[in-house]
Structures are given as C-alpha cells and as structure tokens.
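The values are calculated or read from the model by the stated rules, or taken from the named source; none is laboratory data. Keep in mind that what you see is a predicted model, and the values were worked out from it rather than measured. Here Cβ is always computed from backbone atoms with ideal geometry, including for glycine, and neighbour counts include all displayed protein chains. Note: accessible area is taken over every heavy atom of the protein model, side chains too, but ligands, DNA and RNA are not part of it. Shrake-Rupley method; radii C 1.70, N 1.55, O 1.52, S 1.80 Å.
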Amino acid sequence: MTRKRTIRDVDWQGKRALVRVDFNVPVDGNGRITDDTRIRATLPTLEFMRTHGASLVLMSHLGRPSGEPDPRYSLQPIAQQLSQLLNTEVRFPGALTGPSVEAAAAGLGPRDVMLLENTRFHPGETSNDPALSAQLARLGHLFVNDAFGSAHRAHASTTGVAAHLPSVAGLLMEKELNYLGAALEEPAHPFIAILGGAKVSDKIAVIKKLLHKVDSILIGGGMANTFLAAAGCRMEASLVEADALDTARALRCTGDDIIQLPVDLAVADRFSADAAFRTVSVTEIPPGWMALDIGEATVAHFANRLAGARTVLWNGPMGVFELPPFARGTNAIAEMLAGLSHATTIVGGGDSAAAVRQAGLVERISHVSTGGGASLEFLEGKELPGVAALDNEEA
C-alpha cells in the first residue's frame, strides 16, 4: 500500500488546517450526544496540530439530511461537546460556506478551533460538486482527512477539496490504514478472520479476498444460516439468502477446511427478546423456529481455533446481539479477543465495534475501527476515494 503524508510531515506554525472529521454520532431528540466515541477518536489529531501552532476549521456530516438545512441534524451540540473535550471555545458559525464563514476562518489565531455546519446541508456535498469543493478549500491552507469512516465516499469534503490543497492524513486515518493494511499485507500467522452479520452478499468480496490470506474464517450471524442451508441443513424460519446459496457452496469448496461454520445454534420460536429459545445442533432446528445466535459448542469450537492466533480480524456480530438472550455468542467473541494478549486484534467498525464498547473491552483490543463500511471496502481490496486523494509520501 502506498504510504500517505500525515500531519507529522507538516510545519503547522501559522497554518490553518481544513480538517474533515467524522462526527456522525448518535444525538437524541433533546440534542444530547449519546455516544461521543468518534469525537474522542479525533482528539489526538486535533491536539497535535494545535500544539504545533495550527488553527483548525473542522467539517463533518451528521445523519442523512436531504441536501438542505434541518435543525435535527445541526452540529451545534457537537461543537458544545468538543468545547468541553478540548477545554477551549469551539466557534460555530452556523453555516458551511459564505463570506461570513470565510471571515471567521481568516480571524482564527493559533490553536483556535471552528466547526462548520453539517456538510450534508449542501446538495453539492454528496455529488462532489467542484464549486462547493473550491469554496471549502478557501477556508484552509492545507487539507487534513481524519475521517476514515467516510473515506469510502467521494464527496466534496472528503475528496473534492483535496484537488485544491496539499492533503495529508490525520493520526486516526493513519492508524486505521496501518492496522488494516498490515492485516492484509503482512499479518502474523495464525491469522484468523471472524465474520458475522446478516448477509453473505455483504461479505462475499471480503471472504474471497481473505481466503488466500488467513488460516481460518469463522462464520456466525445470519450469514452462517445461508452457508448451513447450502450444506444441506434445514434452517426452518431462519434468515437465509436463497440467491446466495450457490455462492456459499462455491466458497466452501474453495475454502475447504478454512471456512468454519457453527455446530450448534440458539434458536427461538419468534424474533423477540421474550421468545422461547433453546440451543440445538444445526441439524435439529424445530419446525418454524429461527436461528438467532451461535451456541455454546460453537463458542468452544471457535475458541479452539482462536487459541494461539497472532492476528485476528473481526467484522460482524454472531447473532441478534441487540436482543439480550441472543447476545451471548457476540459477547463471547469479544471476551475471547480481549484475552488474546499476544495477538494483534482488529475489530472492523459497525455492530462489532458497538458490541466491544458495550462490553467495556475497547482498551483490551489492539484496534477498533471507526468505519464499518469503509473498513469492509478496504478489506475487499478497494481503493478508498478519501485515501486515494491524499498526497503520497515521497520516496
């Protein structure tokens, strides 16, 4: 992988940085942030540049507004939270572009911070409009992308501005690329991948990419149902992707002993936290019941495969972990990874990251990615537009 220039390669004294961050955090109906993990993840980058004399103009999206201002998605609560975390006033102009915003940016002194309004309040953000990119670029001397979670999107604030300014990676972006890149390019073996989530179709490209790199792929979650159905198991009312059965069979043939499936499942009579449930062999699902988690024997089987692992990559829950009775498999995997003190453990963002946070185990995992979709596309071997737009490190 081509190495990218980072904020360490820049003399920041007297410079104004236009920084794309990922502040797409959950905000409740009262404007309270319910999880500020993504905001905290950017603090090392912001503090590094401020310590070295930079002023900062930050930009992020929040939610999916329809290309126009929507008070439900304003970044004002995030400006307030960031002020507390940085222990400094974070200015909030209440707009994304325009003469008043440009004047506010020009008035920033060393260490000052300003957060722009939601980039998606402008219709040109998601269409990567050149005019919007040029307007945003006028707000800084250099562009810093620290938003790995948005790096798979070619938007004005992630790639467009990079055409106008010297562009470098922030520390969080650098960390993401280093961990995920090492897993693909030079992993220590045994290298085990754990893949879950609802659909095989979402992970086909990742499985194909990893099959020739890993020692085992442990498959759970809804996607395991499709593999089990392809192997001849009667899955009853379980989620199965009928149009992915042939693909699952072909992957099993290619994967031979590499792909490992559940041997037992937690099944329920309906999709509910108060459903009747029990653990059965994969060949003994009662008529009309559905698989909602891996069982204890599968947890033990997966633990046996993970013993002695040197690199572990996990993407996707083992069951419907938002329903407490069916969170056991996912929680068990999180505990296993936390206990692998001699391994590099990487959790791809999304639900797996949420499960690790819920279990309070983040500090015991080598790297928890901040980007679900971005990490998946990276592991598929795709070039992420937000990364490709950054300046390459000089040889």
Positions within region 16-42 being among the acidic types (Asp, Glu) and either modelled with pLDDT under 95 or loosely packed, with under 15 Cβ neighbours inside 10 Å (or both), in sequence order: 28, 35, 36
Filter region 43-65 down to the residues that are of a type in the set (D, E, K, R) and over 10 Å from residue 120 (Cα atoms), then identify the one that is surrounded by the most Cβ atoms within 10 Å (Cβ to Cβ). 50
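Scan 345, 330, 370 and give me the residue that is at negative phi, buried (at least 19 other Cβ atoms within 10 Å of the Cβ) and touching a Pro at 6+ places or on another chain (Cβ under 8 Å). Explain how you work it out, then say what you get.
Working: 345 fails: touching a Pro at 6+ places or on another chain (Cβ under 8 Å); 370 fails: touching a Pro at 6+ places or on another chain (Cβ under 8 Å).
After applying the criteria, what remains is 330.
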Quick check on region 348-367: of everything there that is open to solvent by 40 Å² or more (accessible area, probe 1.4 Å) and in a helix (DSSP H, G or I), which residue is farthest from residue 185 (Cα to Cα)? 358
Of the residues in region 67-90, those that are among the charged types (D, E, K, R) and either open to solvent by less than 80 Å² (accessible area, probe 1.4 Å) or over 28 Å from the mean Cα position of the chain (by Cα) (or both) come to 70, 89
Considering residues of region 107-138 that are open to solvent by 50 Å² or more (accessible area, probe 1.4 Å) and outside any loop (DSSP other than H, G, I, E, B) only, the residue nearest to residue 56 (Cα to Cα): 135
For region 60-74, give me the residue count where each residue is closer than 20 Å to residue 35 by Cα and in contact with an Asp or Glu (Cβ under 9 Å, 6 or more places away or on another chain). 4
Tally the residues that are in a helix (DSSP H, G or I) and surrounded by 20 or more Cβ atoms within 10 Å (Cβ to Cβ), restricting the search to region 93-103. 1
Would you point out the residue of region 293-329, among those that are β-branched (Val, Ile, Thr) and not in a loop (DSSP other than H, G, I, E, B), that is farthest from residue 187 (Cα to Cα)? 294
Select from region 184-199 the residues that are out of contact with any strand residue (DSSP E or B) (no Cβ under 9 Å at 6 or more places or on another chain) and within 17 Å of residue 222 (Cα to Cα) and write down the one among them that is most open to solvent (accessible area, probe 1.4 Å). 199
Residues 323, 313: which one is open to solvent by 20 Å² or more (accessible area, probe 1.4 Å) and under 23 Å from the mean Cα position of the chain (by Cα)? 323
